[in-house]
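Q: Structure incoming, see below.
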Amino acid sequence: MNRPNVIIADPSAYTRRVIRQFLSREEFHFVEAEFGAEVLELARNGKPSLIFLENNMSGPEGQNIYKALKAEDRLSSIPVILLEEQPPKEQKKRPFPDERVDLFGIIAKPIDGNQLRKMTRKALKISPPDDDFEQEDSGELWEADDFSDSEFFRFQEFLMRKVGLFFDIKRKPDLARALNRRMKAL
């Protein structure tokens, strides 16, 4: 089976990294774009299965990249998930309110990992994985200093997948202490 090609188009390196992290268990081939012109070139030259696109990304002559993608016959069938900053609650912002736009979905920033994974699987027609993360039960508590990098990365992946929280490696000692306290309480 071919790995789906996924374009992540967002000016923010952090957002691109978070999307890759949330989808790290999936077998996708990721290509990143920081500018609108890159998105169009990647979509025209490759065969993307899905595009994550920052809502306000513009390209040459300032055209909206989403509209440019949907205007080209060969690219119009590619599912696009827009990434947008969450608008204030009093404002219900919709992209391009005066036009009916065929759009797969919208994900608000900060990105909810569970929503991202569900929408991605739905767009690519992939069923959810059967194997859930199961923590090995050793029956004993460990000291915070014994929290290895590999254990941290496994737990980081679990948190991203289950609750949509991302902890950077710099937060490893904090997370280790919190886990230890919680295990002792339980």
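Q: Could you grab me the full set of residues in segment 68-79 that are over 22 Å from the mean Cα position of the chain (by Cα) and surrounded by fewer than 16 Cβ atoms within 10 Å (Cβ to Cβ)?
A: Once the filter is applied, which keeps residues that are over 22 Å from the mean Cα position of the chain (by Cα) and surrounded by fewer than 16 Cβ atoms within 10 Å (Cβ to Cβ), segment 68-79 yields ALA71, GLU72, ASP73, ARG74.
Q: Name every residue in segment 1-45 that is out of contact with any strand residue (DSSP E or B) (no Cβ under 6 Å at 6 or more places or on another chain) and under 22 Å from SER77 (Cβ atoms), in order of residue number.
A: In the first step, residues of segment 1-45 are kept if they are out of contact with any strand residue (DSSP E or B) (no Cβ under 6 Å at 6 or more places or on another chain); the result is 1-2, 4, 11-15, 17-18, 21-27, 34-35, 37-38, 40-41, 43-45.
Passing the criteria: MET1, ASN2, PRO4, LEU23, GLU26, ALA37, GLU38, LEU40, GLU41, ALA43, ARG44, ASN45.
Q: Name the pairs: first residue in segment 62-75 and within 13 Å of GLY36 (Cβ to Cβ), second residue assigned to a helix (DSSP H, G or I) and β-branched (Val, Ile, Thr), Cβ to Cβ under 8 Å, at least 6 apart or on different chains?
A: Every condition considered, the pairs that remain are ILE65/VAL39; LEU69/VAL39.
Q: Also, quick follow-up: With respect to PRO95, is the statement that it is part of a loop (DSSP other than H, G, I, E, B) and at pLDDT 90 or above true?
A: No, not satisfied.
Q: Given the options ARG17, ARG25, name the one that is open to solvent by 60 Å² or more (accessible area, probe 1.4 Å), under 19 Å from GLN115 (Cβ atoms) and without any contact (Cβ under 8 Å) to a residue 12 or more places away in the chain.
A: On the way: ARG25 fails: without any contact (Cβ under 8 Å) to a residue 12 or more places away in the chain.
One residue alone meets the criteria, ARG17.
Q: So, one more: Which members of segment 145-181 meet the condition of being among the hydroxyl-bearing types (Ser, Thr, Tyr) and open to solvent by less than 40 Å² (accessible area, probe 1.4 Å)?
A: Going residue by residue through segment 145-181, those that are among the hydroxyl-bearing types (Ser, Thr, Tyr) are 148, 150.
Within segment 145-181, none qualify.
Q: While we're on this one: Against the condition modelled with pLDDT of 90 or more, touching a His at 6+ places or on another chain (Cβ under 9 Å) and farther than 24 Å from GLN156 by Cβ, how does ASN45 come out, does it pass?
A: Details: modelled with pLDDT of 90 or more: yes; touching a His at 6+ places or on another chain (Cβ under 9 Å): no; farther than 24 Å from GLN156 by Cβ: yes.
Judged against the criteria, ASN45 is not a match.
Q: Do any residues in segment 31-48 that are of a type in the set (D, E, K, R) have Cβ atoms under 6 Å from those of residues that are in a loop (DSSP other than H, G, I, E, B), where the two are at least six apart or on different chains, and which pairs are they?
A: Short answer, once both residue conditions are applied: GLU34/PRO11.
Q: Also, I was wondering about something else. Take the conditions part of a strand (DSSP E or B) and closer than 27 Å to ARG154 by Cα and apply them to VAL31. Does it pass? First the steps, then the outcome.
A: On the way: part of a strand (DSSP E or B): yes; closer than 27 Å to ARG154 by Cα: yes.
Answer is yes for this residue.
Q: Within segment 38-65, count every residue that is surrounded by 14 or more Cβ atoms within 10 Å (Cβ to Cβ) and under 22 Å from ARG17 (Cβ atoms). Can you show your working first?
A: At the first step, the residues of segment 38-65 found to be surrounded by 14 or more Cβ atoms within 10 Å (Cβ to Cβ) are 38-40, 42-43, 48-59, 64-65.
With the extra rule that they be under 22 Å from ARG17 (Cβ atoms), the set shrinks to 38-39, 42-43, 48-57, 65.
The qualifying residues number 15.
Q: Follow-up question, since we're still on this one. Which of the residues belonging to segment 53-89 are assigned to a helix (DSSP H, G or I) and at pLDDT 85 or above? Spell out the reasoning first.
A: Residues of segment 53-89 assigned to a helix (DSSP H, G or I): 60-62, 65-71.
ILE65, TYR66, LYS67, ALA68, LEU69, LYS70, ALA71 - these are the residues of segment 53-89 that are assigned to a helix (DSSP H, G or I) and at pLDDT 85 or above.
The values are calculated or read from the model by the stated rules, or taken from the named source; none is laboratory data. Here the structure is a predicted model, which is why all the values come from computation and not from measurement. FYI the Cβ positions are ideal-geometry reconstructions off the backbone, even for glycines, and counts take in every protein chain you see. Surface accessibility is based on the protein's heavy atoms, side chains included, excluding ligands, DNA and RNA. Shrake-Rupley method; radii C 1.70, N 1.55, O 1.52, S 1.80 Å.
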